[in-house]
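Take a look at the structure below.
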Amino acid sequence: MTLRLPAAAGLAASVLFGQACVGVNFDHEGHIEREQKRFEVGAAPEVALYTFDGSVEVRSWDRNEVLVEVEKRGQDAEAVGKIQVLSEQSGNRLQVEARRPGGGSTFVGVGVFRSPSARMTASVPRGAHVVVRTGDGAIVAERLDGRLELRTRDGSIRTLETTGDILAESGDGGISIEEASGRVEARTDDGSVRVSGTPGSVRVRSGDGTVVLRIRQGAVMTEDWMVATADGSISVELPDGFNARIEAAPGSGSRVRNDLTLANVEGGTREVRRLRGTLGSGGHLLSLRTSDGTIRLFRY
């Protein structure tokens with residue numbers, strides 16, 4: 001249900017209908033409407049959130065319930081009214097989707113166009129498996145233990161304190177995976193990537209940007225790791241007791257700068273054009289590649 005009111009400066013209203021709440025207000029940013037949707041779920045639901053344009057934030061809470069707030073924005077009530085918010089639930093699976101209206105952008109001033117958008121904020125059980133897709137906007141996911149699949153065509157991605165497997169993919173934006181464990185896969189066509197925590201697997205690729213890994217004490221490789229960037233430096237900090245075979249290949253004219261104690265070294269020990277060696281007892285391969293940039297290896 002949608003509530004419509006005549007435009008007036010400072011006007012605000014909210015109406016509750018069962019499990020859906022609709023709010024409306026008007027400000028200098030145009031017309032805004034908010035909808036809330038609630039779902040009763042188990043401890044590890046599968047939650048899919050899709051929006052054509054807008055940021056998405058997902059955070060955990062201690063309830064077997066999912067709450068999704070959708071903030072729809074546009075030039076006027078007519079533009080916002082064309083944004084459809086659809087939801088469905090089947091057992092422990094649910095989906096909320098904001099669909100693009102027709103008509104595209106609206107001219108609102110000299111050289112300024114305002115496109116409709118639908119921002120989502122979700123509270124979910126910590127064990128939720130979450131899929132997020134947005135055409136244009138940042139994604140934030142915090143304190144979740146389930147699988148995460150996060151994709152944006154244009155925007156940054158940030159996760160914090162996650163223990164499940166992560167797939168983060170941006171067409172244009174940086175990616176920050178902070179204090180993660182489990183499997184981490186991050187890809188961006190244009191942007192830097194930062195990963196920290198105790199992951200078991202890391203696969204990172206950037207088309208244009210630096211890559212930083214800060215691996216904490218207790219991390220154990222469960223499979224080969226791969227880090228690559230087409231244009232940018234790579235910095236890797238590894239803790240005492242970490243085991244790996246390391247191969248580092250910097251870009252043309254660049255070097256590997258190594259502060260780790262390696263065995264079976266090929267290519268030198270401190271500053272070389274290419275480096276192979278064994279850290280600790282070896283094991284899985286940590287492959288570092290950049291087409292244009294320096295690779296640095298530190299002890300954390």
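Each value in this text was obtained by applying a stated rule to the coordinates, not by laboratory testing. Since this is a predicted model, take the numbers as computed values, not measurements. As a convention, Cβ positions derive from the backbone with ideal geometry for all residues, glycine included, and neighbour counts pool all protein chains shown.
Where does region 28-82 land on the Kirkwood hydrodynamic radius, alpha-carbon pairs, in angstrom?
After inverting the pairwise mean of 1/r, the radius is 13.2 Å.
When every alpha-carbon pair in region 209-274 is counted, what percent end up more than 19 Å apart?
Of the Cα pairs, 36 percent sit more than 19 Å apart.
Please report, in debye to the nearest 20, how large the charge dipole of region 167-300 is about its Cα centre when each Lys and Arg carries +1 at its beta carbon and each Asp and Glu carries -1 there.
Dipole magnitude for region 167-300 comes out near 500 debye.
Taking only the alpha-carbon positions of region 79-205 and ignoring solvent, what does the Debye formula give for the base-10 log of I(q)/I(0) at q = 0.15, 0.19, 0.23 Å⁻¹?
-0.76, -1.05, -1.30
Please compute the Kirkwood hydrodynamic radius of region 138-189 from all pairs of different C-alpha atoms, in Å with one decimal.
Hydrodynamic radius (Kirkwood, Cα pairs) of region 138-189 is 10.5 Å.
Among A249, T222, L275, whose Cα sits farthest toward the positive end of the charge dipole of region 172-300 (+1 at Cβ of Lys/Arg, -1 at Cβ of Asp/Glu, about the Cα centre)?
L275
Percent antiparallel among DSSP beta bridges with both residues in region 181-227, to the nearest 5?
Percent antiparallel among DSSP bridges in region 181-227 is about 0.
Using the Kirkwood radius built from alpha carbon pairs, what does the Stokes-Einstein equation give as D for region 170-252 at 25 °C and 0.890 mPa s, in µm² per second?
192
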